[in-house]
1. Please state which one of T280, T305, T259 is under 30 Å from M349 (Cα atoms) and either of a type in the set (G, A, S) or surrounded by 15 or more Cβ atoms within 10 Å (Cβ to Cβ) (or both).
2. Do we find a residue being at positive phi and more than 30 Å from the chain's Cα centre (by Cα) anywhere in segment 289-302?
3. Does T336 satisfy the condition of being of a type in the set (V, I, T), on the phi < 0 side of the Ramachandran plot, within 16 Å of the ligand (Cβ to nearest atom) and out of contact with any Lys or Arg (no Cβ under 7 Å at 6 or more places or on another chain)?
4. Quick test of your reading of the structure: M74 fulfils all but one of (1) touching a strand residue (DSSP E or B) at 6+ places or on another chain (Cβ under 9 Å); (2) in a loop (DSSP other than H, G, I, E, B). Name the failing condition by number.
5. Before we move on, is V359 more than 16 Å from the ligand (Cβ to nearest atom) and modelled with pLDDT of 95 or more?
6. Considering only segment 1-56, how many residues are hydrophobic (A, V, I, L, M, F, W, C) and outside any helix (DSSP H, G or I)?
Amino acid sequence: MPKIDPARLIGDLRRLAEFGRHGTGVHRLSLTDIDIQSRHWLCQRLTDAGLDAQIDGVGTVFGRSRAKGPVLLMGSHTDTQPKGGWLDGAMGVIYALEIARAFAADPACAGLGIDVASWIDEEGHFPVGFLGSRAFVGELELKDVTGAKSRDGVALGDALKAAKLDGVAPVRLEPGRYKGYLEAHVEQGGTLEREAKRIGVVSAIVGIRGGVAVFKGEQNHAGTTPMPLRKDAAVALFEFATRLNRSFAEVAGPHTVWTFGRVVLEPGSPSVIPGHTELTLQFRDPDTPRLDALSQRLDAMLAGTNAAGPCSVVLIQPRRTEPAPMDAGFQDVIETVAAKHAPGLVRRMHSAAGHDAMVLARHMPSAMLFVPSIRGISHDIAEDTSEADLVLGCQVAADAAAAFLKA
Ligand SMILES: [Zn+2]
């Protein structure tokens, strides 16, 4: 089995974290100067590992194996959230790099290929959503999204131009090349740590639904308008949210989560009855029938509010991402090799966060492996994982990659 080099792995993880280092974390937003510098560094590391490496026309770093195959695609993302963690995404990419090196050094892996990808903008600095992986599989065309503006107001096309990537062709999925896709990631939750497990084998990535409920009432004087005559859009919003919260709890499963992430009350003045309010709602579950049940509760609540008055409500910007089940056979392979390294410390679990693997899973057998996040913290500079768990996760991923390719 391929043997990973722990010191080389940790060294590259720490080196990558220097690009945009922010205290114990990293601030490295997609296609900013520091992100581009880190991509050139990664490209060189992939080249040194014997891969044909490039930064493609959307910013994805891609290292292609010269092995005759079969080939496994591995990767994750190296862009971060603002003031984010050093491992979210970066770990999966550096694992892939290390595993490509371990394969090259192992005669038992002769002919087996690992292609390595750092998919651009998994974290959504540009409001496109999984730009790199979706461009790779052909689910979006760059020309349709070059106008998308980042949080800093920079158009995607201009950011690519500044990075001298305009005119470079995006790398595209070559039909028939891959036996599958493997993405390793920090859990970003506290389940593994709480249960003292060391490896998570992902069964499915949750689906996400939601939207913005917009309430229309009547703006008026907060002193002179008697209560029975009011059309208070704030009261309508609060009642809606409270009742929906109770209604969701009645049909929720063990993995269901829902969030009222943002409210807007307009005009937002102490002496004015709000005439226009907005409630942003999101709910997640790994199971489609459960999501359907929650959607029915939401639809019923919208209809009930409109029927009862005095305010009206509509749902705008509806969001719908389907759950992505991981490949059953690939899960079994990971669980078997993980159990050899960490008997009794392996658990199947769903991913409550979105990952590029949900895009790749639509096109090839895909799997994910989790390592514990200390105190379950992620999207923050406090995010961390013990070195022992980082090393174990990479060796398990390497063995799983070899076993899957040889099966
Ligand atoms: Zn991530």
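1. Matching residue, one of T280, T305, T259: T280.
2. No - not one qualifying residue is present in segment 289-302.
3. No, not satisfied.
4. Looking at each condition in turn, M74 falls short on (2).
5. Numbers: more than 16 Å from the ligand (Cβ to nearest atom): no; modelled with pLDDT of 95 or more: yes.
Judged against the criteria, V359 is not a match.
6. Keep residues of segment 1-56 that are hydrophobic (A, V, I, L, M, F, W, C), which gives 1, 4, 7, 9-10, 13, 16-17, 19, 26, 29, 31, 34, 36, 41-43, 46, 49, 51, 53, 55.
Remaining after also requiring outside any helix (DSSP H, G or I): 1, 4, 19, 26, 29, 31, 49, 51, 53, 55.
Of the residues in that region, 10 qualify.
Let's see how each residue does on (1) touching a residue at least 60 places away in the same chain (Cβ under 8 Å); (2) of a type outside the set (G, A, S); (3) over 18 Å from L369 (Cβ atoms):
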| position | (1), (2), (3) |
| --- | --- |
| P6 | yes, yes, no |
| L16 | yes, yes, yes |
| R28 | no, yes, yes |
| L46 | yes, yes, yes |
| D52 | no, yes, yes |
| I55 | yes, yes, yes |
| L72 | yes, yes, no |
| G84 | yes, no, yes |
| L97 | yes, yes, no |
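This table checks each residue for (1) within 16 Å of the ligand (Cβ to nearest atom); (2) outside the structural domain of I55 (by TED's automatic domain parsing); (3) within 21 Å of the chain's Cα centre (by Cα); (4) under 23 Å from D12 (Cβ atoms).
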position	(1), (2), (3), (4)
A104	no, no, no, yes
A117	yes, no, yes, yes
E122	yes, no, yes, yes
G132	yes, no, yes, yes
E141	no, no, yes, no
D144	no, no, no, no
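The values are calculated or read from the model by the stated rules, or taken from the named source; none is laboratory data. Please read these numbers as outputs of a predicted model, since none were measured by experiment. All Cβ positions, even for glycine, are placed from backbone atoms using ideal geometry, and neighbour counts span all protein chains on display.
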